[in-house]
Amino acid sequence: MSPETPAASAATAGDEPLVRTVELTKHFGLGGLFSRQVLHAVDDFDLTIAEREIVALVGESGSGKSTVARLLARLYTPTKGEIFYRGRSLRSLRSRKDMLWYRGEVPIVLQDPFSAFHPVFRISHGIMRNLALHRPDLSREERRAEAERVCEAVGLSPRMLSRFSYEMSGGERQRIGFAQALAVKPKLILADEPVSMLDVSIRAGVLNMMAGLRDREGVSLLYITHDLASARYVADRIVVMYAGHQVESGPTETVLSDPKHPYTQLLLSAVADPREKSSELSADTGEPPRVVNPSEGCRFRSRCPFAIEKCGQVTPRLEPIGEALVACHVAAAQGKAAGSSDTAPVTHT
Amino acid sequence: MTEPLLDVRNLSVDYLTEAGDVHVLSDVSFTVAQREFVGIVGESGCGKSTLLFAVAQLLTPPGELVGGEVVFHGRDMVGLTGAELRHLRWRDYSMVMQSAMNALNPMKSIAAQFKDTLEAHGTSSHDEIRQRSTEVLELVGIDPVHLGSYPHQLSGGMRQRAMIAMALLLTPQLVIMDEPTSALDVVAQQSLMTKIRELQQRLGFAVLFVTHDMSVVSRYSDRVMVMYAGQIAESAPTETIFERPLHPYTRGLMNAFPSISGPRREMAGIPGAPPDLARPPSGCRFHPRCPAVMDICPEQEPDLYVRDGAEVRCLLYADSAQPAVERETPAQEARP
């Protein structure tokens, strides 16, 4: 475990967030052996997650949000860039012991609760195995008690432990997914679209449970979703992704009540609230891009109603506007013109 | 009052399984008027897709239509032969499937698939086919150069649009859609729904539309039917149902998804899970999950009652209203 970067030696300094990524990048090669096509799934992605914080990562399918989760879970290795966990670079994790430790700190809950469990084993199997692997100091009785505790923490009866996955509903299975993650005493749970496959009437319960985990168990959550409304419901902070780039981030209410990036504005306008009278509809056809061998420039420019010449030449960097970070030339210029005051930069009607 | 375009009466569908018959639909009755946009919402497994398949006469085993009528244009479609149905399909009504993007033949160009449909219904002139195909593609907002494209060359949203174009080829009066946008992203979904609604109003066809997404229904449909466990729980004009939901299940649904604006409220959701239709609960099928459950609910099966312009299947409204639909075979459902 030799420190490879200056930050790693800083260890867990007081101001170091739980997770910090620096220019995190993941590219996938496409086609055959000699193909030069490269899919840019995630480019230069900077993300921080504090302790006991719920961060929502929002974007369309193909925007790279699941890739970010998999990078953080070490299921992928980054093409470029660093992930620091408590100030320690993940590149320094090499031994099996280190990996086991990290996976215990940062488990992932997957999207599809219907295929995530082995049908031959009882529900207790996954939880008990996690406990045996990650917390070997517990005795058999303690493991059993802990399994029952995490079951109750996610709002299920301990009797569920002796069931098989096919005997459970989708909502119950997704809760078990969280119980398995909780069993390892995590600091951060990566939840990749945990409610998108659940029925509407069940979603609310799982979302409430997630918020409760932060309050009671003190974990942080990275909540990956395409649903802005549910992101608003649970998250402290929202990060919006488009085509592998972070386009906007900030406190949830700031981003949603006063979106600065045109893409965030488009996303918001597409969400209908049944309890409100319908708002104006945009004419965007909503074709998400496929980022193969991209050229320099803003990736949203072809759909952007405010695009200027500069957007096709220079990739916008994240810049602070008010409380938010925004990667947009137009919004940045207007933000400066307004003297970084609270006037709305990009007017969108 | 003019005759409705589609009149579904006491439709019942069973799935015949080894473990016994599962009553997927029980006595479903509703109408769709000319030029009406009807949205059906419900959770997975409530029978909403089965309902569309039964209406379109596309049920395949183990699904079996065991009772009821589907009167379309004054003609009962149940029992029509394959040849008779083929004549009606695409011309009088068409259907857009859930994963419509995968319903296109990957080996044929868009133009060839349109040509097949038109030729099957008697259009043989090359020019006419070309012209009509171009027209419908333009209707849904696809550049006609894509007539020569194969499905894999189009994005998901475009394939979905191409399917809708195909459904409009012969200007049917009813288009049946099974979650046409559920595989799309929010922005694409909104744009496609807006297109469908605009075409529907301009061309004047009726839409029977299934979804699990309340926000889609609220924005685009004239009337909403909420289904629960193979029955209609509530049916009302869109505004009425969103302003004054009557059925406890509908109310639960309204409180089950977070809002994008306004104050953040605690969501309750609905406890429990949808019932197994092989063993539906006795009495009212929602009573095990119902927050307003009464002593009588497990014993008496509620009818659809008319109340303030809505039809609602809940015993809370039994006293003050008349049953909306006369049941023909009440005894049939009492069997265990």
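One residue is enough: does the stretch B:37-44 have a residue meeting the conditions of a type outside the set (S, T, N, Q) and surrounded by fewer than 19 Cβ atoms within 10 Å (Cβ to Cβ)? Looking for residues that are of a type outside the set (S, T, N, Q) and surrounded by fewer than 19 Cβ atoms within 10 Å (Cβ to Cβ), one finds none in the stretch B:37-44, hence no.
Applying the condition of being at the interface with chain A (Cβ under 7 Å from one of its Cβ atoms) and among the hydroxyl-bearing types (Ser, Thr, Tyr) to the stretch B:244-262 and asking which residue is farthest from A:ALA211 (Cα to Cα) yields B:SER261. Note on the stretch B:23-51: among residues that are within 9 Å of the chain's Cα centre (by Cα) and modelled with pLDDT of 90 or more, the one that is farthest from A:ASP199 (Cα to Cα) is B:VAL38.
Could you tell me whether A:LEU266 is within 12 Å of chain B (Cβ to nearest Cβ), assigned to a helix (DSSP H, G or I), in contact with a Lys or Arg (Cβ under 7 Å, 6 or more places away or on another chain) and more than 22 Å from B:SER44 (Cα to Cα)? The answer is no for A:LEU266.
Selection over the stretch A:216-233 of residues that are touching a helix residue (DSSP H, G or I) at 6+ places or on another chain (Cβ under 8 Å), over 21 Å from B:SER182 (Cα atoms) and surrounded by fewer than 22 Cβ atoms within 10 Å (Cβ to Cβ) gives a count of 2. Evaluation of A:PRO289 against the conditions (1) within 13 Å of chain B (Cβ to nearest Cβ); (2) surrounded by fewer than 18 Cβ atoms within 10 Å (Cβ to Cβ); (3) at pLDDT below 90; (4) not in a loop (DSSP other than H, G, I, E, B) shows that the sole unmet condition is (4).
Among what's in the stretch B:46-78 and is β-branched (Val, Ile, Thr) and surrounded by 19 or more Cβ atoms within 10 Å (Cβ to Cβ), pick the residue that is farthest from B:GLY20 (Cα to Cα). If we take residues in the stretch B:46-78 being β-branched (Val, Ile, Thr) and surrounded by 19 or more Cβ atoms within 10 Å (Cβ to Cβ), then B:VAL70 is farthest from B:GLY20 (Cα to Cα).
Scanning the stretch B:291-309 for residues that are out of contact with any Asp or Glu (no Cβ under 6 Å at 6 or more places or on another chain) and among the hydrophobic types (A, V, I, L, M, F, W, C) yields B:ALA292, B:VAL293, B:MET294, B:ILE296, B:CYS297, B:VAL306. Quick check: is even one residue across the stretch B:270-286 aromatic (Phe, Trp, Tyr), in contact with a Cys (Cβ under 9 Å, 6 or more places away or on another chain), part of a loop (DSSP other than H, G, I, E, B) and under 28 Å from A:MET210 (Cβ atoms)? Yes: one or more hits. Can you say whether B:GLU64 is of a type in the set (Asp, Glu), out of contact with any Gly (no Cβ under 6 Å at 6 or more places or on another chain), within 30 Å of B:THR31 (Cα to Cα) and at pLDDT below 90, as far as the supplied structure shows? When the stated conditions are applied, B:GLU64 passes them. Each residue in the stretch B:132-165 was checked for being of a type in the set (D, E, K, R), under 24 Å from A:GLU60 (Cβ atoms) and surrounded by fewer than 19 Cβ atoms within 10 Å (Cβ to Cβ), and 1 of them qualify. The residue pairs whose first member lies in the stretch B:33-61 and is acidic (Asp, Glu), whose second member is buried (at least 19 other Cβ atoms within 10 Å of the Cβ) and in a helix (DSSP H, G or I), and whose beta carbons are closer than 9 Å, counting only pairs six or more residues apart or on different chains, are B:GLU43/A:VAL200; B:GLU43/A:SER201; B:GLU43/A:ILE202; B:GLU43/B:LEU253. Would you confirm whether or not the stretch A:137-153 contains a residue that is buried (at least 19 other Cβ atoms within 10 Å of the Cβ) and within 14 Å of chain B (Cβ to nearest Cβ)? Checked the stretch A:137-153: no residue is buried (at least 19 other Cβ atoms within 10 Å of the Cβ) and within 14 Å of chain B (Cβ to nearest Cβ).
None of B:ARG265, B:ARG289, B:ARG223 is surrounded by 15 or more Cβ atoms within 10 Å (Cβ to Cβ), among the charged types (D, E, K, R) and within 12 Å of another protein chain (Cβ to nearest Cβ) except B:ARG289. Screening the candidates B:GLN190, B:GLN173, B:GLN160, B:GLN201 for the property of being touching a His at 6+ places or on another chain (Cβ under 9 Å) and polar (S, T, N, Q) yields one hit, B:GLN173. When the criteria are applied in full, B:VAL28 fails the requirement of being in contact with a strand residue (DSSP E or B) (Cβ under 9 Å, 6 or more places away or on another chain), in contact (Cβ under 8 Å) with a residue 60 or more places away in the chain and within 14 Å of chain A (Cβ to nearest Cβ). Can you confirm whether the stretch A:189-196 contains a residue that is within 10 Å of chain B (Cβ to nearest Cβ) and either surrounded by fewer than 21 Cβ atoms within 10 Å (Cβ to Cβ) or under 30 Å from A:VAL330 (Cβ atoms) (or both)? Looking through the stretch A:189-196, none of the residues is within 10 Å of chain B (Cβ to nearest Cβ) and either surrounded by fewer than 21 Cβ atoms within 10 Å (Cβ to Cβ) or under 30 Å from A:VAL330 (Cβ atoms) (or both).
Screening A:LEU182, A:LEU156, A:LEU213 for residues that are buried (at least 20 other Cβ atoms within 10 Å of the Cβ) and over 21 Å from the mean Cα position of the chain (by Cα) leaves exactly one candidate, A:LEU156.
Of the helices (runs of 4 or more DSSP H) entirely within the stretch B:156-262, those holding at least 3 residues that are free of Cβ contacts under 8 Å to residues at least 40 places away in the same chain, over 27 Å from B:ALA318 (Cα atoms) and not aromatic (Phe, Trp, Tyr) occupy B:156-167, B:186-203. For B:ARG202, are the conditions met, namely being basic (Lys, Arg) and either within 7 Å of chain A (Cβ to nearest Cβ) or buried (at least 20 other Cβ atoms within 10 Å of the Cβ) (or both)? Criteria not met by B:ARG202. Residues of the stretch B:140-155 that are in a helix (DSSP H, G or I) and within 14 Å of chain A (Cβ to nearest Cβ): B:HIS146, B:HIS152, B:GLN153. Of everything in the stretch B:79-114 that is surrounded by fewer than 14 Cβ atoms within 10 Å (Cβ to Cβ) and assigned to a loop (DSSP other than H, G, I, E, B), the residue that is nearest to the chain's Cα centre (by Cα) is B:GLY79.
Restricting attention to the stretch B:231-241 and to residues that are buried (at least 19 other Cβ atoms within 10 Å of the Cβ) and within 11 Å of chain A (Cβ to nearest Cβ), the residue that is nearest to the chain's Cα centre (by Cα) turns out to be B:THR238.
For the stretch A:302-331, a tally of residues being surrounded by fewer than 17 Cβ atoms within 10 Å (Cβ to Cβ) and not in a loop (DSSP other than H, G, I, E, B) returns 6.
The values are calculated or read from the model by the stated rules, or taken from the named source; none is laboratory data. Predicted model, so just to flag it, every value in this text is computed and none were measured. Note that we place each Cβ from the backbone using ideal geometry, even for glycine, and neighbour counts take in every protein chain shown.
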